[in-house]
There are 2 protein chains.
Amino acid sequence: MSKPGLGILEKFSAHLDFIKKDTRIISLNEGDTPLIKLDNLSNKLKTNLEIYAKFEGLNPTGSFKDRGMTAAVTQAVQEGATSIICASTGNTSASAAAYAARAGIRAYVLIPEGKIAAGKLAQAIVYGAKLIQIRGNFDDAMSMVKQIADTMPITLVNSVNPYRLQGQKTAAFELVEELGGSPDYHCLPVGNAGNISAYWMGYTEYLALGKSEKTPIMCGYQASGAAPFLKGEPIKDPETLATAIRIGNPQSWDLAVKAIKESNGHFKAHSDEKIIQAQQLLASTEGIFCEPASAISIAGLIQDIQEGFIKSGSRVVCTLTGNGLKDTDTATKFIELEPLLINADIKELAQALSNI
Amino acid sequence: MSKPGLGILEKFSAHLDFIKKDTRIISLNEGDTPLIKLDNLSNKLKTNLEIYAKFEGLNPTGSFKDRGMTAAVTQAVQEGATSIICASTGNTSASAAAYAARAGIRAYVLIPEGKIAAGKLAQAIVYGAKLIQIRGNFDDAMSMVKQIADTMPITLVNSVNPYRLQGQKTAAFELVEELGGSPDYHCLPVGNAGNISAYWMGYTEYLALGKSEKTPIMCGYQASGAAPFLKGEPIKDPETLATAIRIGNPQSWDLAVKAIKESNGHFKAHSDEKIIQAQQLLASTEGIFCEPASAISIAGLIQDIQEGFIKSGSRVVCTLTGNGLKDTDTATKFIELEPLLINADIKELAQALSNI
């Protein structure tokens, strides 16, 4: 009998020093996400690679953020916090709101003034977070939540919160355990750069403990219009339809650069067009529907295979950070929708099926 | 080391006689969905019940349909099919399209003529299914796919396909294994009635094998505007905003009635208002965001507690059939959205946080 409700903090408590015996764990059974072998894609790309997708979009709120949020909110509650705050219009706000609800504490979400896109913020709203609009931009909102957390008894859960990375590193632990060792390459999107930093932390910790014999080469992919690591410095006004990685000034800059250097990996940038193509390719070839930002893992993989950076015969993991259901508008925007229209007649249907 | 890519057919092959040693299994790692203990809800309802949610919305395409579809598509491929067909505008079409993509076969989705709601059909579209509109209504579409499957080498994967229930029964197996026995009550939505039939099949099979000592009392909930089981006969023009259970003529009528009778359970109907209230209650109390249809499990639970049908001290499981991300419009439609607007000034923020 497995214990119901076991999330990543309980499973990996031995590797998380802030989890004590009596810590009240705030969990929604995050983690333990599917690792799906992509043989169709491998065949389509005519490679002999062993390719896997780690589908983090099947976490409770639909993104990898839940791994970090269970850690951040558990620690906040452990320290006596009765409210948390973040600046976010996307996955972070959803995750923060859900874990606050689960903890029975308040969540405040700061967003820039403007028309509220209920779709993007639907989760935060339904989970009962308090939204506050400010007359300013996203950077102003971020600056304000940082300041307020310094002066009021309210915990900041944006990725500057160090417990976020502690939770996120468990994805690497799962991978090593599922594969019986480290992959050769790990491909993933890089926006705020917390995830690549966390994976690297997880891989190196397991190596040090003798739980794996090596670490993977890290391949970090950025959207062409939001690629500060390629430029070598923060950029203003980042632009990409992969909103989850539309970030010009990554929080975890140094850690991400360290991960790439130490692993002999690289950063690469990919266009929005390639991102959407990769999203459709993955969905139609393997039946996996991920967020646009996640699909850059596949776009990057393809180019790294074509350019020979990923060596023949290797084992590669691509992290799919979020669920495609988060943004169905973008996913369908570029697909021509002209379905066949026929009469309700069985002969017409038979003919149609023979033709398409 | 757990084996990556293990779905329900491999895990439970001993209980699925169509799975042979050499069967090529078409899986997306469905199943093994979180069983989440709802202590906050239990406290809020002032009960001493042990309440669990089985969150089937975290299946690969966001609904419980994936359990049935891995079975139906695996069997279709085993029989040599190169295409599948269904009539659906919702979860079934998404699941069919995804598993067809994974299998490398074609999926056809028949839908009634009219403006295509890209949101509802987004998944089927992105997974690459071929949509065919017919000049007729949904019943016409259903009738046509049944006829065509009889005359052409194309497999029907609507719930008349018997392998669907075989796959779906594994949810009951998981529950018994996770809880170390059967729950006392099992609450779930009833639309086409395949799921309640499949759970009952799973529970009785495990009882017969000595894997549990009893079966639960089944509580099947229908939307008031789509409640044929309450009326005792099919109804025309069913109406509810819980679209996943907007069904007037359930496919699995006899099996569902049998489940309710044999388990000493009951069917009950609940209004759309109660459904939406329950959806919000669950999200804001426990951090779990499910589809409207799923939320009827919670609406029904609450009434069954209040009316004394569910006895004090019991262990209850509520199935949440689909992910809230499937339909964010309905979820937010009834929530008043007037967030506070403040200047980008830290003092104003501090004051706002003290007041809300």
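The values are calculated or read from the model by the stated rules, or taken from the named source; none is laboratory data. All values reported here derive from a predicted model rather than from experimental measurement. Cβ placement follows ideal geometry from the backbone for every residue including glycine, while neighbour counts extend to all protein chains displayed. Note: areas computed on protein heavy atoms with side chains; ligands, DNA, RNA excluded. Shrake-Rupley method; radii C 1.70, N 1.55, O 1.52, S 1.80 Å.
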Pick from segment A:343-354, criterion surrounded by 14 or more Cβ atoms within 10 Å (Cβ to Cβ) and in contact with a strand residue (DSSP E or B) (Cβ under 9 Å, 6 or more places away or on another chain), ranking: nearest to the other protein chains (Cβ to nearest Cβ):
A:Ala344
Filtering helices (runs of 4 or more DSSP H) wholly in segment A:256-356 for at least 3 residues that are within 18 Å of A:Gln222 (Cα to Cα) and polar (S, T, N, Q) gives A:292-306
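Looking only at residues in segment A:103-122 that are facing another protein chain (nearest Cβ under 7 Å) and modelled with pLDDT of 95 or more, which one is least open to solvent (accessible area, probe 1.4 Å)? Talk me through it step by step, then tell me what you get.
Here is the first cut: in segment A:103-122, the residues facing another protein chain (nearest Cβ under 7 Å) are A:104, A:108, A:113, A:116, A:118-119, A:122.
From what's left, modelled with pLDDT of 95 or more: A:104, A:108.
Working: A:Gly104: 65, A:Tyr108: 7 Å².
The selected residue is A:Tyr108.
Please find, among B:Ala98, B:Ala76, B:Ala141, B:Ala72, the residue that is within 9 Å of chain A (Cβ to nearest Cβ), in contact (Cβ under 8 Å) with a residue 60 or more places away in the chain, part of a helix (DSSP H, G or I) and within 23 Å of the chain's Cα centre (by Cα). Outline the logic, then answer.
Details: B:Ala76 fails: within 9 Å of chain A (Cβ to nearest Cβ); B:Ala141 fails: in contact (Cβ under 8 Å) with a residue 60 or more places away in the chain; B:Ala72 fails: within 9 Å of chain A (Cβ to nearest Cβ).
Just a single option satisfies the conditions, and that option is B:Ala98.
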Of A:Gly210, A:Gly248, which residue is in contact with a Lys or Arg (Cβ under 8 Å, 6 or more places away or on another chain) and without any contact (Cβ under 8 Å) to a residue 24 or more places away in the chain?
A:Gly248
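Listed here are the residues, each with its yes/no results for (1) within 23 Å of A:Thr92 (Cβ to Cβ); (2) open to solvent by 10 Å² or more (accessible area, probe 1.4 Å); (3) in contact with a Pro (Cβ under 6 Å, 6 or more places away or on another chain); (4) more than 9 Å from chain B (Cβ to nearest Cβ).
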site	(1), (2), (3), (4)
A:Ser284	no, yes, no, no
A:Ala295	yes, no, no, yes
A:Ile305	no, yes, no, yes
A:Gly322	yes, no, no, yes
A:Ala331	yes, no, no, no
A:Leu341	no, yes, no, no
A:Ile356	no, yes, no, no
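Taking segment B:227-242, which residues are outside any loop (DSSP other than H, G, I, E, B) and open to solvent by 50 Å² or more (accessible area, probe 1.4 Å)?
The initial filter retains those residues of segment B:227-242 that are outside any loop (DSSP other than H, G, I, E, B), namely B:228-231.
Those that are outside any loop (DSSP other than H, G, I, E, B) and open to solvent by 50 Å² or more (accessible area, probe 1.4 Å): B:Leu230, B:Lys231.
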A:Asp184 fails exactly one of the following numbered conditions: (1) of a type outside the set (Val, Ile, Thr); (2) buried (at least 20 other Cβ atoms within 10 Å of the Cβ); (3) more than 11 Å from every other protein chain (Cβ to nearest Cβ). What is the number of that condition?
(2)
Filter segment B:71-102 down to the residues that are closer than 12 Å to B:Ala122 by Cα, open to solvent by less than 10 Å² (accessible area, probe 1.4 Å) and touching a helix residue (DSSP H, G or I) at 6+ places or on another chain (Cβ under 6 Å) and list them by number.
B:Ser93, B:Ala94, B:Ser95, B:Ala97
Can you tell me how many residues within segment A:145-177 are within 27 Å of A:Leu35 (Cα to Cα), within 14 Å of chain B (Cβ to nearest Cβ) and open to solvent by less than 20 Å² (accessible area, probe 1.4 Å)?
5
For B:Gly128, indicate whether it is at pLDDT 95 or above, open to solvent by 10 Å² or more (accessible area, probe 1.4 Å) and within 7 Å of chain A (Cβ to nearest Cβ).
yes
What number goes with the only condition from (1) touching a residue at least 60 places away in the same chain (Cβ under 8 Å); (2) in contact with a Gly (Cβ under 6 Å, 6 or more places away or on another chain) that A:Lys268 does not pass?
(1)
Restricting attention to segment A:24-43, which residues are open to solvent by 20 Å² or more (accessible area, probe 1.4 Å) and either more than 10 Å from every other protein chain (Cβ to nearest Cβ) or under 30 Å from A:Gln75 (Cα atoms) (or both)?
A:Arg24, A:Ile25, A:Asn29, A:Asp32
